[in-house]
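What follows is a set of notes on a single structure, which appears directly below.
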Amino acid sequence: MQMVKKSGIVLIVAWFAIIVLMPKQEFYYKLEEELDKQEIELNEEKIDEGLFSLKLHQVTVYVKGIPVATIDEVALCTLLLYSSVELQELHVDDSLKRMLPQDTKQALFSHSILSPLKISVDAEGSFGGMTGSIDLGERQVHLDFNESKNIEMLKPQLKQSEKGWVYETSF
C-alpha cells in the first residue's frame with residue numbers, strides 16, 4: 001500500500017511540475033508560426049502567463065493582411081488531460097457581418113483526452129446561445145443554435161430541426 005501511495009504522489013508531483021514548467025509562450029509562438037502558413041496573423045497587445053494558462057489581451061486577427069476580427073481576451077489553459085481556449089468579446093469586422101454574427105460575448109473550445117478527436121464548442125452572443133462539436137476524425141462540424149436571435153445572415157446555411165436551428169458541414 002505504501003508503494004501505491006508513493007507512486008501516486010510522484011505522479012501527481014510530476015504532472016504538476018510539467019504543467020507549471022511548460023513553456024506556454026513558446027507553444028503560443030509555435031501556434032502563430034502554424035497560422036502564418038495559412039496567412040493568418042494574431043497581433044496581441046499583452047501576454048500574461050499563469051501557472052496553468054496563458055492570456056492574450058486585445059488580439060487583432062489578420063487574414064492575408066486584412067484585419068477581420070478583434071478579441072478582447074483569449075485564455076489558453078491546459079492541464080495535459082484537458083485543454084481549453086476561451087474567447088471574450090469577439091467582434092467581427094463590419095465587412096463580414098452579412099456572413100457571420102458580428103458580436104460574440106464568450107466562446108469556449110474544450111478538448112479532453114477522453115475523446116481525443118472531438119472539440120466541444122459553447123458560445124453566446126448577438127445570435128443567442130450555441131453548443132456543438134467539431135469531430136476531427138470524421139472532419140465534421142455540428143452546431144446547435146439553442147436561443148436563436150439575429151441569425152438572419154446564417155439562415156441560408158442552417159437547417160431547421162425539432163430543437164431549433166442546426167449548422168452542419170464537413171471540412
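Here are the numbers:
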| item | result |
| --- | --- |
| Failed condition for LEU90, given (1) more than 29 Å from ILE66 (Cβ to Cβ); (2) at pLDDT 95 or above; (3) in contact with a Gly (Cβ under 8 Å, 6 or more places away or on another chain); (4) open to solvent by less than 70 Å² (accessible area, probe 1.4 Å) | (1) |
| Selected residue (only one of GLN140, GLN160 is over 24 Å from PHE52 (Cβ atoms) and free of Cβ contacts under 8 Å to residues at least 12 places away in the same chain) | GLN160 |
| Selection from the stretch 55-73 of residues that are of a type in the set (A, V, I, L, M, F, W, C) and either open to solvent by 30 Å² or more (accessible area, probe 1.4 Å) or modelled with pLDDT under 95 (or both) | VAL63, ILE66, VAL68 |
| Residues that are more than 18 Å from THR104 (Cα to Cα), of a type in the set (Asp, Glu) and open to solvent by 90 Å² or more (accessible area, probe 1.4 Å), drawn from the stretch 130-167 | GLU138, GLU162 |
| Qualifying residue in the stretch 146-158 (condition: in a strand (DSSP E or B) and either more than 23 Å from GLU86 (Cβ to Cβ) or modelled with pLDDT under 90 (or both)) | no |
| Residue pairs meeting the criteria (Cβ under 7 Å; at least 6 apart or on separate chains; first at positive phi, in the stretch 55-84; second assigned to a strand (DSSP E or B) and surrounded by 14 or more Cβ atoms within 10 Å (Cβ to Cβ)) | GLN58/ASP72 |
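The values are calculated or read from the model by the stated rules, or taken from the named source; none is laboratory data. Model, not experiment: these values are computed from the prediction. With ideal geometry, Cβ positions are generated from the backbone for all residues, glycine too; neighbour counts draw on all protein chains shown. What goes into the accessible areas is simple: the full protein's heavy atoms, side chains included, and nothing from ligands, DNA or RNA. Shrake-Rupley method; radii C 1.70, N 1.55, O 1.52, S 1.80 Å.
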